[in-house]
């Protein structure tokens, strides 16, 4: 008669509280927690660093006057202001200045009246209320120092439902959140790394369908439902689809490279660095140099700039940001598929574990009948191949 087998596993409680801690908190869990702490601190540093002290720097400003020498002389005086808050550019006339504002080549225009003592400042509130206010304050002080007064006209005002011109930013942030959460769910439900090219293509196709739906619904909410953003609904829909897919593809690419740790890398890129540098609360000319430099190259910044262009500037200036988003989408898709191709035929990690391919195999324990070498449950310890 066979004697019942007895478990030889050590009892963690026998070693006291310290043994319990060692058994409950693995080295991998501790490393991941430290990674979360680092991500949190980076979040705090990035947001406070970008927003705690906005300071205007080289805001593009057209300067027009009936006589070219007057425009050139005024532009030189404005360029000499301490700290270089403005980047003044003489233009031929008011029509040319207005055209440059609507093309998003400049953020405002000073129209000089040599026959009087009052000049006019043209601003574009749709590009950001804080930017318009900064221009009004800087140019107003300069005009006062010259013994002149200033009249301000908003030639591209934000919509009544778009408080301080922030709706574009929040819409894009929502699209970005949907993109990386959708990609994260695909990883958690079917393994952080796809096991072959077909699986990678399926994930990208699922992400594309989600992006189309998210882009449409977000545009409808921001436009017809809430009346926050004017502009072309199909154009906003296309932009939303591209933003969501680009961010999702980036997340899938990071997951293909680093497993579930890739989700944290995507958050670092899109949320920690991307959101504060997106030009939402403070457009690019008001951001510190680091955030001003990286903002246009990241999805939140490119998306916000393009959304404002569609809503208030008839799409002018949106080509560059759209190309940036397309580049992220293509690169993310290519890396995702490349990782799947290189992974083909190699042992996978457990679903959503993020373990490397050379991690030790999961041990197989005796089942409840005591038969050695069998798994205690169907599929236990098996590598994920999805």
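The values are calculated or read from the model by the stated rules, or taken from the named source; none is laboratory data. Everything numeric here is computed off the predicted structure, so don't read it as measured data. Counting neighbours? That spans all protein chains shown, and the Cβs are built from the backbone with ideal geometry, glycine included.
Of all the numbered requirements in (1) modelled with pLDDT of 65 or more; (2) under 20 Å from residue 266 (Cβ atoms), residue 355 misses one, and that requirement is (1).
Residue 289 passes every criterion in (1) surrounded by fewer than 21 Cβ atoms within 10 Å (Cβ to Cβ); (2) closer than 22 Å to residue 236 by Cβ apart from (2).
For region 74-86, filtering for residues that are in a loop (DSSP other than H, G, I, E, B) and either on the phi > 0 side of the Ramachandran plot or in contact with a helix residue (DSSP H, G or I) (Cβ under 8 Å, 6 or more places away or on another chain) (or both) leaves 4. Return yes or no: is residue 126 buried (at least 20 other Cβ atoms within 10 Å of the Cβ) and either more than 13 Å from residue 63 (Cα to Cα) or in contact (Cβ under 8 Å) with a residue 60 or more places away in the chain (or both)? Yes: the conditions hold for residue 126. Scanning region 215-239 for residues that are closer than 22 Å to residue 330 by Cα and surrounded by 24 or more Cβ atoms within 10 Å (Cβ to Cβ) returns 236, 239.
Kindly indicate which of 302, 307 is at pLDDT 95 or above, crowded, with 22+ Cβ neighbours inside 10 Å and farther than 24 Å from residue 45 by Cβ.
Working: 302 fails: farther than 24 Å from residue 45 by Cβ.
Of 302, 307, the one residue that is at pLDDT 95 or above, crowded, with 22+ Cβ neighbours inside 10 Å and farther than 24 Å from residue 45 by Cβ is 307.
Of all residues in region 240-263, those satisfying the criterion of being farther than 20 Å from residue 208 by Cβ and buried (at least 21 other Cβ atoms within 10 Å of the Cβ) are 259, 260. In the condition set (1) on the phi < 0 side of the Ramachandran plot; (2) modelled with pLDDT of 95 or more, residue 368 is compliant with all but (2).
Filtering region 81-116 to residues that are within 20 Å of residue 149 (Cα to Cα), surrounded by fewer than 17 Cβ atoms within 10 Å (Cβ to Cβ) and modelled with pLDDT of 95 or more leaves only 81. Residue count for region 33-73 satisfying the condition of being without any contact (Cβ under 8 Å) to a residue 40 or more places away in the chain, farther than 24 Å from residue 124 by Cβ and part of a helix (DSSP H, G or I): 12. Considering (1) more than 26 Å from the chain's Cα centre (by Cα); (2) closer than 22 Å to residue 90 by Cβ, the lone condition that residue 154 does not fulfil carries the number (2).
Sort out which residues of region 270-288 are touching a residue at least 24 places away in the same chain (Cβ under 8 Å) and in a helix (DSSP H, G or I), and write them in order of number.
Kept after step one, since they are touching a residue at least 24 places away in the same chain (Cβ under 8 Å), are these residues of region 270-288: 270-283, 285-288.
Correct list: 270, 271, 272, 273, 274, 285, 286.
Can you tell me how many residues in region 310-334 are touching a residue at least 40 places away in the same chain (Cβ under 8 Å), assigned to a helix (DSSP H, G or I) and surrounded by 18 or more Cβ atoms within 10 Å (Cβ to Cβ)? Summing the residues that are touching a residue at least 40 places away in the same chain (Cβ under 8 Å), assigned to a helix (DSSP H, G or I) and surrounded by 18 or more Cβ atoms within 10 Å (Cβ to Cβ) in region 310-334 gives 9.
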